[in-house]
1. Taking into account only those residues within region 230-239 that are free of Cβ contacts under 8 Å to residues at least 60 places away in the same chain and farther than 23 Å from residue 262 by Cα, which is farthest from the chain's Cα centre (by Cα)?
2. For residue 56, all conditions in the list (1) closer than 15 Å to residue 98 by Cβ; (2) crowded, with 21+ Cβ neighbours inside 10 Å hold save one; what is the number of the exception?
3. Quick check: is even one residue across region 59-70 touching a residue at least 60 places away in the same chain (Cβ under 8 Å) and either out of contact with any strand residue (DSSP E or B) (no Cβ under 6 Å at 6 or more places or on another chain) or part of a loop (DSSP other than H, G, I, E, B) (or both)?
4. Could you check how many residues of region 93-128 are part of a loop (DSSP other than H, G, I, E, B) and either farther than 21 Å from residue 35 by Cβ or touching a helix residue (DSSP H, G or I) at 6+ places or on another chain (Cβ under 6 Å) (or both)?
5. Which of the residues that make up region 75-90 are free of Cβ contacts under 8 Å to residues at least 24 places away in the same chain and either touching a strand residue (DSSP E or B) at 6+ places or on another chain (Cβ under 8 Å) or buried (at least 18 other Cβ atoms within 10 Å of the Cβ) (or both)?
6. Give the residues of region 176-200 that are under 30 Å from residue 110 (Cα atoms), surrounded by fewer than 13 Cβ atoms within 10 Å (Cβ to Cβ) and in contact (Cβ under 8 Å) with a residue 40 or more places away in the chain, sorted by residue number.
7. Looking at region 207-227, which of the residues that are in contact (Cβ under 8 Å) with a residue 12 or more places away in the chain and assigned to a loop (DSSP other than H, G, I, E, B) is surrounded by the fewest Cβ atoms within 10 Å (Cβ to Cβ)?
């Protein structure tokens, strides 16, 4: 197949512009962890759970080549529409995408060789049901590969929030602790996979550091915008402003000492198989 020789990207640049987006730092770091460790094979039927706007779904389809086919599924219809535009604009022939709930997959039993999810398990309302459904559609010997952001991420920010709560709303500290624990641990995530029927074969922890000029830079970042609702749910509404004014003070004091504000992002790659 040499049809790629006929393509001139320069001629398509205006067509590509509306769907040519950059990956967020957040998603890309976890996606690269997945792509760095996943064994690439020919002839794979793949499924990407929580595919969002197409990463790593489209990259997985490209890396596995025309002998493989990938399906992406996500409940976010607007994002799925973006993926469809990308598929058409990039002329990708071995991928399709559907709007749907990963807890009720529109696929037959034992039909998939590889199931991936980049940060998806963090956003699933019922991960146990999703993993049971993944086991249903997995063939004997199929692999499931997850990347996730476990408990322990952004410890500097959580420490600042706990310090602020100690002076403003001490009873809310236990609620913040519970909110942080929802991300899961190596033990809880591998246990969920085992309970669904999979056999865990590899667990690879990783981490990276994000740096910000000050607290305002961190708290205005898109990453934090996605985390903020969970944090606020743990704090009494009447204390929101007071707590976060104090959080800013604490973080800015640390930034003044170090010259910038740093926080650590924990990552986890987990791979499991359905036994033959």
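Just so it is clear, none of the values below were taken in a lab; they were calculated from the coordinates. Only a predicted model underlies this, so the values are computations on that prediction, with no experimental measurement involved. A quick note on method: Cβ atoms are made from the backbone with ideal geometry, for glycine too, and the neighbour counts reach across all protein chains shown.
1. Within region 230-239, the first condition is being free of Cβ contacts under 8 Å to residues at least 60 places away in the same chain, and the residues that meet it are 230, 232-233, 237-238.
From the residues that got through so far, the ones that are farther than 23 Å from residue 262 by Cα too are 233, 237-238.
Numbers: 233: 21, 237: 28, 238: 32 Å.
The selected residue is 238.
2. Only one criterion in (1) closer than 15 Å to residue 98 by Cβ; (2) crowded, with 21+ Cβ neighbours inside 10 Å is unmet by residue 56, namely (1).
3. First, pick out the residues of region 59-70 that are touching a residue at least 60 places away in the same chain (Cβ under 8 Å): 66.
Of the ones still in play, those that are also either out of contact with any strand residue (DSSP E or B) (no Cβ under 6 Å at 6 or more places or on another chain) or part of a loop (DSSP other than H, G, I, E, B) (or both) are 66.
Scanning region 59-70 turns up at least one residue that is touching a residue at least 60 places away in the same chain (Cβ under 8 Å) and either out of contact with any strand residue (DSSP E or B) (no Cβ under 6 Å at 6 or more places or on another chain) or part of a loop (DSSP other than H, G, I, E, B) (or both).
4. Step one: of region 93-128, the residues part of a loop (DSSP other than H, G, I, E, B) are 93-94, 100-111, 119, 124-126.
With either farther than 21 Å from residue 35 by Cβ or touching a helix residue (DSSP H, G or I) at 6+ places or on another chain (Cβ under 6 Å) (or both) added as a condition, the list becomes 94, 100-111, 119, 124-126.
So the answer is 17.
5. Of everything in region 75-90, those that are free of Cβ contacts under 8 Å to residues at least 24 places away in the same chain and either touching a strand residue (DSSP E or B) at 6+ places or on another chain (Cβ under 8 Å) or buried (at least 18 other Cβ atoms within 10 Å of the Cβ) (or both) turn out to be 77, 84.
6. Selection gives 195, 199.
7. Restricting to residues being in contact (Cβ under 8 Å) with a residue 12 or more places away in the chain and assigned to a loop (DSSP other than H, G, I, E, B), the top hit is 213.
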